[in-house]
Amino acid sequence: MALINPKKKEVQVKIVYYGPGRGGKTTNLEYINKRFKKRIQNEMVTVKTYGDRTLFFDFLPFDIGEIKGHSIKVQLYTVPGQVKYNATRRLVLRGVDGLVFVADSMDLRREMNIRSLQNLKENLETFNKSIFNTPLVLQYNKRDLEEEGIPILSVDTLQRDLNSRLKAPSFAASAVKGDNVPATMKKIIALTVGSLRKKLG
Amino acid sequence: MDFTIEFDKQQIESIENILQEELVDLGVQSVILMDLAGNVIVNLENGDVTHDVYSLAALAAGNYGAVSAMANIIGEQEFSLLFHKGEEESIHFSKVVEDLLLLTIFNKNVSLGFLRLKVAEAVKRIQVLI
């Protein structure tokens, strides 16, 4: 549902970071905001609870230059990961053009990742969208925990659990350190904008 | 990729003219026509203020969705009109058609009653164009 404004020659693209609670979605956006500060004109918007958890969403808009004479405005959103906030998750998904699924590599969160991905599929279906037809990148976050001796799932296990049917591009990452955070973002932008090229003629 | 509502250049220009005549000339600070995904379709300002319209639109779409969910809980389909009053500036939301919202930001020099009337007129004129 990317919005093309033929008068201003501008395209707005909505990319949503999805995944289980405390998985690092907000941390991804915070890192991007810090790292690309010079190119981001607007402040990052966050709607948080008192406990510093995402209540509604985080929002980070920025320009990525021109494609076929159109300026591209990318808008990054996160959803609240906690199970009870499904209604707000669905609201944020409305009109999504591209998805990043941020999985938590911690051993303990294996089940949560699978459930969250299932929840994403179901929520997309309420908008008549299929996860198989929507640009998607998987990110296996918190790889840095291994250095601290915390048990984490192997990338192979995560791939089998989450990506065996989707076969989406995936990145092992550490949002706290920033490892592969820009790579994840660049990949999803490339996939999403790539699917727009035809439309722009 | 699906596109819900597409606008051509002429439609956008006609909508801009309507919003200019009905609302900006009346003295409102800014008007934003947006979709419920949070995309900005048209944005006009009176020149006195510059708002971060993209963030405003993202939050407004979320806000509208949340209030619609509240409406459902009490047995209403939706609340098609919302109004947030501030000390100096206020925001008025009006649904235009399914998926489209008109946001008007105005100060105390504009009366709410008159604004509502003008918003209703603008909405009616825009509906014909879409």
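Any read-out appearing in this document is the output of simple, stated calculations on the displayed coordinates, not a laboratory observation. The structure displayed is predicted, hence computed values, not measured ones. Cβ: placed from backbone, ideal geometry, glycine included. Neighbour counts: every protein chain shown.
Given the pairs B:LYS95/B:LYS118; A:LYS38/B:LYS9; A:LYS167/A:LYS198; A:LYS25/A:LYS142; A:LYS84/A:LYS121; A:LYS38/A:LYS142, which span a C-alpha to C-alpha distance of over 20 angstrom in this model? The partial results should precede the final answer.
Details: B:LYS95/B:LYS118 14 Å; A:LYS38/B:LYS9 32 Å; A:LYS167/A:LYS198 23 Å; A:LYS25/A:LYS142 11 Å; A:LYS84/A:LYS121 17 Å; A:LYS38/A:LYS142 26 Å.
In this structure, A:LYS38/B:LYS9; A:LYS167/A:LYS198; A:LYS38/A:LYS142 exceed 20 Å between Cα atoms.
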17 Å Cα-Cα reach of A:LYS177 towards aspartates and glutamates, excluding residues that sit fewer than 8 places from it in its own chain: A:GLU30, A:ASP104, A:ASP144, A:GLU146, A:GLU147, A:GLU148
Taking every alpha carbon pair in chain A, what does the distance histogram look like in 5 angstrom bins from 0, in percent? 1, 8, 16, 20, 21, 16, 10, 5, 2, 1, 0, 0
Can you grab the distance from the C-alpha centre of region A:10-27 to the C-alpha centre of region A:75-103, Å, no decimals? 6 Å
Highest GNM mean-square fluctuation among B:ASP25, B:ASP52, B:ASP35, for chain B with Cα springs under 10 Å, belongs to B:ASP52
In peptide B:58-65, how many Cβ atoms from other protein chains are near each Cβ within 10 Å, on average? 5
Local electrostatic count, A:LYS14, Cβ distance below 11 Å [Lys/Arg +1, Asp/Glu -1]: 0
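Order of B:HIS92, B:HIS84, A:HIS70, B:HIS51 from fewest to most other C-beta atoms within 10 Å?
Values: B:HIS92 22, B:HIS84 12, A:HIS70 19, B:HIS51 16.
Ranked by crowding around the Cβ, least crowded first: B:HIS84, B:HIS51, A:HIS70, B:HIS92.
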Pick from A:PRO61, A:PRO151, A:PRO182 the residue whose mean-square fluctuation is largest in a GNM of chain A, springs joining Cα atoms under 10 Å. A:PRO151
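Express the relative contact order of region A:3-200 as a whole percentage, based on alpha carbon pairs under 8 Å and six or more residues apart in sequence.
Working: 358 pairs, mean separation 47.1, N = 198.
It comes to 24 percent, rounded to a whole number.
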In a Gaussian network model of chain A with springs linking alpha carbons closer than 10 Å, the residue among A:ASN180, A:ASN33, A:ASN128 that fluctuates most is A:ASN128
Segments A:134-140, A:5-11, B:123-129 sorted - mean Cβ within 10 Å per residue, highest first: A:134-140, A:5-11, B:123-129
Inside 10 Å of the C-beta atoms of B:43-56, what's the mean count of C-beta atoms belonging to other chains? 2
Charge dipole magnitude, Cβ of K and R +1, D and E -1 - region B:1-104, Cα centre, debye nearest 20: 300 debye
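Computed FRET efficiency, Cβ-Cβ of A:GLU148 and B:ASP48, R0 56 Å: what is it to the nearest 0.05? Please list the in-between numbers first.
Numbers: r = 53 Å, r/R0 = 0.95.
Approximately 0.55, to the nearest 0.05.
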Cα-projected label distance for B:LEU112 with B:LEU81, points at 7 Å along beta-carbon direction, nm: 1.1 nm
